[in-house]
């Protein structure tokens, strides 16, 4: 995939904190995205952007410009950008923590003063999965979540090392 | 319910565990009829990454009866006899739409761990830790099947349980090899490993019109099965010079397609190298995999040919002959199987008698003898090719 092509594509960016928007009704406006200027800049730790590609058109990812629910929880703490992915691959959705602005509300509770990057990554993954499958895949219950497996179920069923 | 659990230092044993439950709308619950051992389980039992937790249930190659479906399931009803693809995939992401189901973006509940290990998240698999899926295994009375409409397939009546169970993993893995190798009429194909996957790769190559298929192993019983049931030529690598023999059988060219279906070895017969020390630094306590068969496949393959890697490699490999790859212009391809793409077609071929799997289940055991079953499978004792459990 030629990165050079990305530089020319307009990305719509919404920044709840900048727009002063209420969570859930943030409206997208066209701004420079994570790949800006004539030479695209990679998203990542250097400038804080994290990106996922969602196999759905932009109007399905941000209907009416509304952020996907997993990102709404971080409203006020992140800015969001989106644009079409090349080759008909859907939508590139990007987010990064805002800097220099006090975080309030639910976002402050979630971020909790720690590194918000993992939360941003998780929210992007969840937004992608919700858009593509309609729900978040849940793991089977871990053996560590509840009571450990109970003892042998019959004679001769005790632990055996398989070698 | 009863399930074969990994108990850490205590090995494997049947324990009572909670019944699985519907966790997503597209889930089904399947009562397991048959569940097979697989070579991909051995690295887990050997303690290699990803690490199991005490109580984890093994097994990913299985079939059974649907006993419960979530509200989002459309293709299956209670009572259906289904074989379930070992790989978990959503069917809705870009990778699934390309047919690359094992690369699914939404098939695992632990994508962060996969990103660290592989650079990208991959699809899930039953009977693996959360970092490799998060789904309990099939060596149990019941198993939850996520994305049931995508990963479960009705089994045609003529295909009995003992044959159909291998449509879950071994048969599509073999078909994958022939696809990746783009095996064509007239090709000479060499397959390292006469296990179930290697035999199915040989069978797939013959079905795609290969002129000669040569299977390489050191176990006479396995080689005999590959001859009788698949129709492949065989080589015992303990008694012949394999590359020389393959050159002879391919007019001096070398095989057009070389398939590695062995997997890693981790004995200590090779001296430590710089690469090995690098791998150990990245994964403390883990020795790198030994791609012994891959090396030989690369060396034997004709110029411009294709080497397909099917074996389960879990990390780094050491002393890879990259020079031969470059000098001979080889294509090296590898993947986990994308069974959702082929299982209906493969079941039809099995029903028509074109694909033979009845000989693969050499040992049938109850779940309670799970530890013995894995011991037989791991050591190849008693001619064991695959142990199949009936919960």
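The values are calculated or read from the model by the stated rules, or taken from the named source; none is laboratory data. Here the structure is a predicted model, which is why all the values come from computation and not from measurement. Counting neighbours? That spans all protein chains shown, and the Cβs are built from the backbone with ideal geometry, glycine included.
Output the residue which, of all residues in region B:2-18 that are modelled with pLDDT under 95 and more than 8 Å from every other protein chain (Cβ to nearest Cβ), is surrounded by the most Cβ atoms within 10 Å (Cβ to Cβ).
So the residue we want is B:6.
Look through B:49, B:36 and report the one residue that is at pLDDT below 95, under 30 Å from residue B:313 (Cα atoms), in contact with a helix residue (DSSP H, G or I) (Cβ under 8 Å, 6 or more places away or on another chain) and away from every other protein chain (no Cβ under 14 Å). Even if it seems obvious, please write down each step before you answer.
Working: B:36 fails: at pLDDT below 95.
After applying the criteria, what remains is B:49.
For region A:130-140, does any single residue satisfy the condition of being at pLDDT 85 or above, outside any helix (DSSP H, G or I) and surrounded by 22 or more Cβ atoms within 10 Å (Cβ to Cβ)? Quick ask: steps written out before the conclusion?
Keep residues of region A:130-140 that are at pLDDT 85 or above, which gives A:130-140.
If we keep only those that are outside any helix (DSSP H, G or I) too, we end up with A:134-140.
After this cut, where a residue has to be surrounded by 22 or more Cβ atoms within 10 Å (Cβ to Cβ) as well, the list is A:137, A:140.
Yes: region A:130-140 contains one or more residues that are at pLDDT 85 or above, outside any helix (DSSP H, G or I) and surrounded by 22 or more Cβ atoms within 10 Å (Cβ to Cβ).
How many residues does region B:203-224 hold that are farther than 22 Å from residue B:181 by Cα and in contact with a helix residue (DSSP H, G or I) (Cβ under 7 Å, 6 or more places away or on another chain)?
Within region B:203-224, residues that are farther than 22 Å from residue B:181 by Cα and in contact with a helix residue (DSSP H, G or I) (Cβ under 7 Å, 6 or more places away or on another chain) number 1.
Here's a check for you: in region B:113-142, which residue that is in contact (Cβ under 8 Å) with a residue 12 or more places away in the chain and part of a helix (DSSP H, G or I) is farthest from the other protein chains (Cβ to nearest Cβ)?
Going through the qualifying residues, I end up with B:117.
Only one of (1) out of contact with any strand residue (DSSP E or B) (no Cβ under 6 Å at 6 or more places or on another chain); (2) surrounded by fewer than 21 Cβ atoms within 10 Å (Cβ to Cβ); (3) within 29 Å of residue B:160 (Cβ to Cβ) fails for residue B:26. Which number is that?
(2)
What is the residue count in region A:61-81 for residues that are out of contact with any strand residue (DSSP E or B) (no Cβ under 8 Å at 6 or more places or on another chain) and either at pLDDT below 55 or over 20 Å from residue B:121 (Cβ atoms) (or both)? Quick ask: steps written out before the conclusion?
Step one: filter region A:61-81 for residues out of contact with any strand residue (DSSP E or B) (no Cβ under 8 Å at 6 or more places or on another chain), giving A:63-64, A:66, A:69-70, A:72-73, A:75-76.
Filter once more, keeping what is either at pLDDT below 55 or over 20 Å from residue B:121 (Cβ atoms) (or both): A:63-64, A:66, A:69, A:72-73, A:75-76.
So the answer is 8.
Is it true that some residue in region B:35-47 is in a strand (DSSP E or B), on the phi < 0 side of the Ramachandran plot and crowded, with 19+ Cβ neighbours inside 10 Å?
Restricting attention to region B:35-47, the residues satisfying the condition of being in a strand (DSSP E or B) are B:35-36.
With on the phi < 0 side of the Ramachandran plot added as a condition, the list becomes B:35-36.
This time we only want the ones that are crowded, with 19+ Cβ neighbours inside 10 Å, so: B:35-36.
For region B:35-47, residues in a strand (DSSP E or B), on the phi < 0 side of the Ramachandran plot and crowded, with 19+ Cβ neighbours inside 10 Å: present.
Regarding residue B:15, is this residue outside any helix (DSSP H, G or I), under 18 Å from residue B:372 (Cβ atoms) and out of contact with any helix residue (DSSP H, G or I) (no Cβ under 9 Å at 6 or more places or on another chain)? Full working, then the answer.
Details: outside any helix (DSSP H, G or I): yes; under 18 Å from residue B:372 (Cβ atoms): yes; out of contact with any helix residue (DSSP H, G or I) (no Cβ under 9 Å at 6 or more places or on another chain): yes.
When the stated conditions are applied, residue B:15 passes them.
Can you name every residue in region A:31-60 that is surrounded by 20 or more Cβ atoms within 10 Å (Cβ to Cβ), at pLDDT below 90 and in contact with a helix residue (DSSP H, G or I) (Cβ under 6 Å, 6 or more places away or on another chain)?
Scanning region A:31-60 gives a single hit, A:35.
Filter region B:82-102 down to the residues that are without any contact (Cβ under 8 Å) to a residue 24 or more places away in the chain and over 20 Å from residue A:135 (Cβ atoms) and list them by number.
Within region B:82-102, just B:98 meets the criteria.
So which of B:76, B:60 ends up being surrounded by fewer than 21 Cβ atoms within 10 Å (Cβ to Cβ) and touching a helix residue (DSSP H, G or I) at 6+ places or on another chain (Cβ under 8 Å)?
Numbers: B:60 fails: surrounded by fewer than 21 Cβ atoms within 10 Å (Cβ to Cβ).
Exactly one residue qualifies, and that residue is B:76.
So which residues in region B:232-248 are surrounded by 17 or more Cβ atoms within 10 Å (Cβ to Cβ) and part of a helix (DSSP H, G or I)?
B:242, B:245, B:246
Have a look at B:82, B:66 and point out the one that is part of a strand (DSSP E or B) and closer than 28 Å to residue B:261 by Cβ. Break it down into steps so the answer makes sense when it comes.
Working: B:66 fails: closer than 28 Å to residue B:261 by Cβ.
Within the list B:82, B:66, the selection yields B:82.
Sort out for me the helices (runs of 4 or more DSSP H) sitting completely within region B:262-372 that have 2 or more residues that are buried (at least 19 other Cβ atoms within 10 Å of the Cβ) and either at pLDDT 85 or above or in contact with a strand residue (DSSP E or B) (Cβ under 8 Å, 6 or more places away or on another chain) (or both). Step through it out loud before you land on a result.
Details: elements: B:274-282, B:292-300, B:322-327, B:343-351.
Per the criteria, B:292-300, B:343-351.
Checking residue B:318 against (1) closer than 26 Å to residue B:44 by Cα; (2) touching a residue at least 24 places away in the same chain (Cβ under 8 Å); (3) out of contact with any helix residue (DSSP H, G or I) (no Cβ under 6 Å at 6 or more places or on another chain), which test does it fail?
Just one mismatch for residue B:318, condition (3).
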